[in-house]
1. Is it the case that some residue within the range 403-416 is touching a strand residue (DSSP E or B) at 6+ places or on another chain (Cβ under 7 Å), part of a loop (DSSP other than H, G, I, E, B) and either closer than 26 Å to residue 178 by Cβ or open to solvent by 30 Å² or more (accessible area, probe 1.4 Å) (or both)?
2. Consider only pairs whose beta carbons are under 6 Å apart and that are at least six residues apart or on different chains; among these, list those whose first residue lies in the range 44-61 and is under 17 Å from residue 121 (Cα atoms) and whose second residue is part of a loop (DSSP other than H, G, I, E, B).
3. Go through the range 393-408 and report how many residues are out of contact with any helix residue (DSSP H, G or I) (no Cβ under 8 Å at 6 or more places or on another chain) and within 19 Å of residue 453 (Cα to Cα).
4. Only one residue in 164, 172, 177 is basic (Lys, Arg), in a helix (DSSP H, G or I) and either open to solvent by 10 Å² or more (accessible area, probe 1.4 Å) or over 22 Å from residue 37 (Cα atoms) (or both). Which one?
5. Say we look at the range 261-276 and pick out the residues that are under 21 Å from residue 317 (Cβ atoms) and open to solvent by 40 Å² or more (accessible area, probe 1.4 Å); which of these is nearest to the chain's Cα centre (by Cα)?
6. State all residues of the range 208-236 that are assigned to a helix (DSSP H, G or I), of a type in the set (A, V, I, L, M, F, W, C) and either free of Cβ contacts under 8 Å to residues at least 40 places away in the same chain or open to solvent by 10 Å² or more (accessible area, probe 1.4 Å) (or both); if no residue qualifies, say none.
7. Which one of these is over 18 Å from residue 188 (Cβ atoms) and in contact (Cβ under 8 Å) with a residue 12 or more places away in the chain: 412, 390, 350?
8. Kindly evaluate residue 104 against the criterion of being surrounded by 15 or more Cβ atoms within 10 Å (Cβ to Cβ) and in a helix (DSSP H, G or I).
Amino acid sequence: MSFLGRLQENKMLEDAWNRPASAFIPIYGRRRTGKSRLIVHFAQNKPTIYHVGKQAPASLQLKEFMELAAVALKEPLLAQVSIEGWSAALKLVEGRWKGPGKLLLAFDEFQWTVEASPELPSLLQEAWDRRWQKSGQVMLILCGSYLGFMEREVLGKKSPLFGRRTAQLLLRPFGFREAAAFHPKWSRADQAQAHFVCGGLPAYLECFSPERSIEQNLAALFFQETGALAREPEFLLREELRDVANYHAILQAMAAGGETTNSGIAHAAGIGDRALHYYLSTLMELGYVRRRHPLHGRAATSRETRYAIADSLLRFWFRFVYPHLSRILLLGPERAVRELVRPAWDAFCGECFERLCREALPHLYLAEGMTAPFEVGEYWSKEVQIDVVGLREDGWIDLGECKWGAVRSPGGLRTELTGKLPHFPNPRASTVQLRYFTRDTVKPPATSSSGAHPERWHSLAALYGDK
């Protein structure tokens, strides 16, 4: 596979490698964001010990580490050395490294190595403080997918490694601009639909064949028993979690049932409120669920809290696949897409398009020369739902309406948004600007004589600089 994107991240690693000083860089982020691919790409043509942690006894992981060291250092006998622990292994490896330059020491899936060897962070801290930091001969990368673990055990104040890092990388899924590069010949609408399912994760984007339509890709990848992504969410959750059935129930309640509140999720999933807090916290640590609050310029209250599935693949799978597993076997892939996905597809894309427009708003600000600090979000109350809110520190506020389907009446879209304005609190008394986000290019209606608010119209193509 070719290596796409991550230019800034790779440059940062190369700059650290080329400096005379040693480097210690934690890399973290949710699964499938390409952390391992980035490390492997960066490690090409560099002396590297690249160890991937696993759920295995410490002795087996230590043995594998020494076998990797034997290859990297070109000393086959190292694979046969009997090592009592990580402290001895690290000292032996650094003693054998004669240069020139640095040795890249990368621990991937670091959380699993530490689960088997809890002393390892303290041993790395000791090695860094006493020897590696001053030697200029080591570049240490610790990589993990469990966000809570990395923040506690590597980056947190209580970690032995706290304050030692020379840089850090939080690897996020690609935004739409970067994700679109995986299918350069597709239309913007098709690129967006792939993004709605894959969420900017390179491992998933690569599964979508440019030779198939979106529906054909969905049929082949999700609704065919041997499809590459047919069981991916199940495998993903089982890798990280115990008691998977309760997590399945929560995610199905959110995706298929549309529940977003504590009480609604608890009732639909059949889980008590106290237990639900634990499960939701775990899913948020993994980056699979996010907490939402309405953006209105005031401090949010607990009653306003909502939850959403942050992972696009989980959102699609738990809405269209998991609730229908038995039926899919009877229908077959193509018919399953026609009967289970197609009727609700525009509504699903509409929800995803709202997120995409919020992601695009900072890019619009940049293109428009707006330099004031800002926040981007959404707003809801009992009376109204506003898809896009941009709170700016220059005395303006942007309120936006998103429309994925065909716009038959631009004037109606304007009427819909202006009708919501009285329900938005606007505590800063900012000047309101209206924005309309549409999938297709829409000719704005003539400005009414009472047009009290300036407005901007944005098509999907225009959002990303297309002519």
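The values are calculated or read from the model by the stated rules, or taken from the named source; none is laboratory data. Please read these numbers as outputs of a predicted model, since none were measured by experiment. Cβ atoms come from the backbone with ideal geometry, glycine included; neighbour counts cover every protein chain shown. When the accessible area is computed, the model is the full protein with side chains, heavy atoms only, and any ligands, DNA or RNA have been set aside. Shrake-Rupley method; radii C 1.70, N 1.55, O 1.52, S 1.80 Å.
1. The answer is yes, given that some residue of the range 403-416 is touching a strand residue (DSSP E or B) at 6+ places or on another chain (Cβ under 7 Å), part of a loop (DSSP other than H, G, I, E, B) and either closer than 26 Å to residue 178 by Cβ or open to solvent by 30 Å² or more (accessible area, probe 1.4 Å) (or both).
2. Correct list of pairs: 52/109; 53/109; 58/117.
3. Of the range 393-408, the ones out of contact with any helix residue (DSSP H, G or I) (no Cβ under 8 Å at 6 or more places or on another chain) are 393-397, 406, 408.
Going one step further and asking which of them are within 19 Å of residue 453 (Cα to Cα), we end up with 393-397.
Total satisfying the criteria: 5.
4. Details: 164 fails: in a helix (DSSP H, G or I); 172 fails: in a helix (DSSP H, G or I).
Testing whether each residue is basic (Lys, Arg), in a helix (DSSP H, G or I) and either open to solvent by 10 Å² or more (accessible area, probe 1.4 Å) or over 22 Å from residue 37 (Cα atoms) (or both) leaves just 177.
5. Of everything passing the filter in the range 261-276, 268 is nearest to the chain's Cα centre (by Cα).
6. Here is the first cut: in the range 208-236, the ones assigned to a helix (DSSP H, G or I) are 214-222, 232-236.
Narrowing the set further to residues that are of a type in the set (A, V, I, L, M, F, W, C) leaves 214, 218-222, 235-236.
Scanning the range 208-236 gives 214, 220, 221, 235.
7. 390
8. Values: surrounded by 15 or more Cβ atoms within 10 Å (Cβ to Cβ): yes; in a helix (DSSP H, G or I): no.
Judged against the criteria, residue 104 is not a match.
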